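These notes are about the structure you will find just below.
The values are calculated or read from the model by the stated rules, or taken from the named source; none is laboratory data. These figures come from a predicted structure and were not determined experimentally. Heads up, the Cβs are rebuilt from the backbone with ideal geometry, glycines too, and the neighbour counts pull from every protein chain shown.
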Amino acid sequence: MKAMVAVKRVIDYNVKIRVRSDGSGVETAGVKMSMNPFDEIALEEAVRLKEAGTVSEVIAVSMGASACQETLRTALAVGADRAILVETDADLQPLAVSRMLSVLAKREEVSLLFLGKQAIDDDANQTGQMAAGFLGWPQGTFLSSLKVDGTHLVVEREVDGGLESLRLAIPAVLTADLRLNEPRYASLPNIMKAKKKPLETVTPADLGVDPAPRLKVLSLAEPPARAGGIRVPDVATLVAKLHSEAKVI
Amino acid sequence: MAQLVLADHDGVTLRPATLNTVTAALALGPEVHILVAGSGVGSVAREAAAINGVSKVLTCDDERYRHLLPEALAPLIASVAGRYTHVLAPATTFGKNVMPRAAALLDVAPISEISAVVDASTFVRPVYAGNALATVQSADALKLITVRGTAFDAAGTGAGSASLESVPAADATEGASWLSEQMTQSARPELTAAKIIVSGGRGVGSRENFALIEALADALNAAVGASRAAVDAGFVPNDYQVGQTGKIVAPSLYIACGISGAIQHLAGMKDSGVIVAINKDEEAPIFQVADYGLVADLNKAIPELIDALKR
């Protein structure tokens, strides 16, 4: 069976984002971009299934500007076999992305559609669930463990306060949480090899999807800054302050 | 038209975040209904009917909803949504799991984890792990929303006297079945629900030394967290991680021990009520967000702190 993995190009998680002063968005000029960390985990899981012989092919998909090719090359270096870029300058939102992913998953006849549980830029945590809704497939979200059991999957999900185990029929949509695995780094030889792997470019129109956003972002603002605190000289003062001033203990 | 709140519950009682979601729904209009789906959920429905401001409880009591799987629940939400202007759920793992799936069935762009209501179609939501606040406007006639519980007060209970209406079950999507759950059996509170959190970073030094952090947490009846550096160093498991790629927390008191204050960690805890930093490096960025900073070796300061708390 084939697996598809959606990978998003986002501002690197170590970058302190800066909101543009006119509130129109986040400064991206000269900012380091990387693969969304949750997508790295999703990709790692798919590649491990390929290495175990469970999955025959791993297809990486990204959507957006042509610069997303970099993210796809990273995915190919980690172990994806080929890549598809849905190229568009539209402001892509989860509804359109999940619709396009569902079209691609059907076109490529994949059995497993992997995503990160959320992207660290819009923090929406929607795309996997919506793709599952469009496809009519079962969904295993926020996964901390995944086992293939013949025609089914046994998954463990991170839920508030613990874990939940589900049995899912294949095909299914799966979204990765932090504990699912520890993603590898691409080796230099694999980075070189990735340059020769196939990368197909399509447009939203090719997939029959209108990518226009339904949510209008009116403005983006910095959250209120924390007022500066004080230094305390010793533990006794700290305890006294927490007790009588902050009243939190 | 009214607003519908999807109840999060464990089959016996409502999860508290449902009450905060009712408050967000009441900010959109005076008529708020609650949907309680599940199997044998009479007690949950009665509890929901007593929430102040709720005028009707829709119940759908059917075996297919026993474990609130989204494959069953999303079609039910879609079947009743036409009666409402807004459908809201708490941004718990339950709400986050089911609402986008329902949105796909309804062809609506859902709005995740709102922290404020501006008007009936305009909402504020944190993005970039809370490092920016986006004001978004929905163009859809129906709005599907998840609500960040810490951003709204809990609705009162006891004064409500909502009517009950049973709604028919909807066809579930096949293919998912529930096997089991393992809820964390810790005497300590859960990280995202704790009032006090004690977190350790790379400065704790070793896995063994993390016992100090745990001892302080126990002295305060607090949850234990960690920075990504501490997780990467193997001191604690991944699910302790507070930060942009870990858990986002907002306790009333956050005590950061041996944590330098990397951006990715600050993103996960800077909405805490009071932040205390204990670090021997007086230049550590954590001191810029701390209400109380103590420049000290945590190996000395934490035992002293535990002693002082016991007195």
**OP:** Find the residue count for the range A:193-236, including only residues that are part of a helix (DSSP H, G or I) and surrounded by 13 or more Cβ atoms within 10 Å (Cβ to Cβ).
**Re:** 5
Original post:
How many residues does the range B:85-95 hold that are touching a strand residue (DSSP E or B) at 6+ places or on another chain (Cβ under 7 Å) and facing another protein chain (nearest Cβ under 7 Å)?
Top reply: 1
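Here's the yes/no breakdown for (1) touching a helix residue (DSSP H, G or I) at 6+ places or on another chain (Cβ under 7 Å); (2) acidic (Asp, Glu); (3) more than 17 Å from A:Pro213 (Cβ to Cβ):
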position	(1), (2), (3)
B:Val54	yes, no, yes
B:Thr59	yes, no, yes
B:Asp62	no, yes, yes
B:Thr85	no, no, yes
B:Ala116	yes, no, yes
B:Val127	no, no, no
B:Ala141	no, no, no
B:Thr146	yes, no, yes
**OP:** May I ask you to say which residue of A:Val19, A:Val7 is of a type in the set (Val, Ile, Thr) and either touching a helix residue (DSSP H, G or I) at 6+ places or on another chain (Cβ under 7 Å) or surrounded by fewer than 18 Cβ atoms within 10 Å (Cβ to Cβ) (or both)?
**Re:** A:Val7
**OP:** Within the range B:194-215, track down each residue that is surrounded by fewer than 16 Cβ atoms within 10 Å (Cβ to Cβ) and within 14 Å of chain A (Cβ to nearest Cβ).
**Re:** B:Lys195
Original post:
Out of the range A:178-200, which residues are within 20 Å of the chain's Cα centre (by Cα) and closer than 22 Å to A:Met63 by Cβ?
Top reply: A:Pro183, A:Ala186, A:Leu199
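Does B:Asp271 satisfy the condition of being in a helix (DSSP H, G or I), within 24 Å of the chain's Cα centre (by Cα), on the phi < 0 side of the Ramachandran plot and surrounded by fewer than 22 Cβ atoms within 10 Å (Cβ to Cβ)?
no
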Original post:
Within the set of pairs 6+ apart or on separate chains, which have a first residue in the range A:82-100 that is without any contact (Cβ under 8 Å) to a residue 40 or more places away in the chain, a second that is of a type in the set (S, T, N, Q), and C-beta atoms under 7 Å apart?
Top reply: A:Pro94/A:Gln126; A:Pro94/A:Thr127; A:Ser98/A:Thr127
Original post:
In the range B:277-302, what residues are closer than 22 Å to B:Ala194 by Cα and more than 7 Å from chain A (Cβ to nearest Cβ)?
Top reply: B:Ala277, B:Ile278, B:Ile286, B:Ile302
**OP:** Please specify each residue of the range B:274-311 satisfying the condition of being within 17 Å of A:Ala225 (Cβ to Cβ), within 23 Å of the chain's Cα centre (by Cα) and part of a strand (DSSP E or B).
**Re:** B:Val274, B:Ile275
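Considering each of A:Ala221, A:Ala225 in turn, give the residue that is more than 7 Å from chain B (Cβ to nearest Cβ), of a type in the set (A, V, I, L, M, F, W, C) and over 23 Å from the mean Cα position of the chain (by Cα).
A:Ala225
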Original post:
Only one residue in B:Val98, B:Val117, B:Val147, B:Val124 is touching a strand residue (DSSP E or B) at 6+ places or on another chain (Cβ under 8 Å), more than 7 Å from chain A (Cβ to nearest Cβ), more than 17 Å from B:Leu73 (Cα to Cα) and buried (at least 24 other Cβ atoms within 10 Å of the Cβ), so which one is that?
Top reply: B:Val147
Original post:
So, in the range B:135-144, of the ones that are more than 18 Å from B:Gly95 (Cα to Cα) and surrounded by 14 or more Cβ atoms within 10 Å (Cβ to Cβ), which residue ends up farthest from the chain's Cα centre (by Cα)?
Top reply: B:Asp140
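What tally of residues in the range A:109-134 results from selecting those that are of a type in the set (A, V, I, L, M, F, W, C), touching a Lys or Arg at 6+ places or on another chain (Cβ under 7 Å) and facing chain B (nearest Cβ under 7 Å)?
Residues flagged as of a type in the set (A, V, I, L, M, F, W, C), touching a Lys or Arg at 6+ places or on another chain (Cβ under 7 Å) and facing chain B (nearest Cβ under 7 Å) within the range A:109-134 amount to 3.
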Original post:
Here are A:Leu76, A:Leu85, A:Leu101: which of them is in contact with a strand residue (DSSP E or B) (Cβ under 8 Å, 6 or more places away or on another chain), closer than 28 Å to A:Ile191 by Cα and either among the aromatic types (Phe, Trp, Tyr) or surrounded by fewer than 23 Cβ atoms within 10 Å (Cβ to Cβ) (or both)?
Top reply: A:Leu85
Original post:
With (1) within 13 Å of another protein chain (Cβ to nearest Cβ); (2) modelled with pLDDT of 95 or more; (3) under 20 Å from B:Gly246 (Cα atoms) as the list, and A:Lys16 as the residue in question, which single condition is left unmet?
Top reply: (2)
**OP:** Tell me, please, whether a residue that is out of contact with any Asp or Glu (no Cβ under 7 Å at 6 or more places or on another chain), part of a helix (DSSP H, G or I) and among the aromatic types (Phe, Trp, Tyr) can be found in the range B:50-70.
**Re:** yes
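For (1) within 30 Å of B:Val118 (Cβ to Cβ); (2) facing chain B (nearest Cβ under 9 Å); (3) of a type in the set (Ser, Thr, Tyr), each residue gets a yes or a no:
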position	(1), (2), (3)
A:Ala172	no, yes, no
A:Arg179	no, yes, no
A:Asn190	no, no, no
A:Leu207	no, no, no
A:Ala212	yes, no, no
A:Lys216	yes, yes, no
A:Leu242	no, yes, no
**OP:** Please find, within the range A:57-73, the residue that is surrounded by the most Cβ atoms within 10 Å (Cβ to Cβ) out of those that are in a helix (DSSP H, G or I) and more than 15 Å from the chain's Cα centre (by Cα).
**Re:** A:Arg73
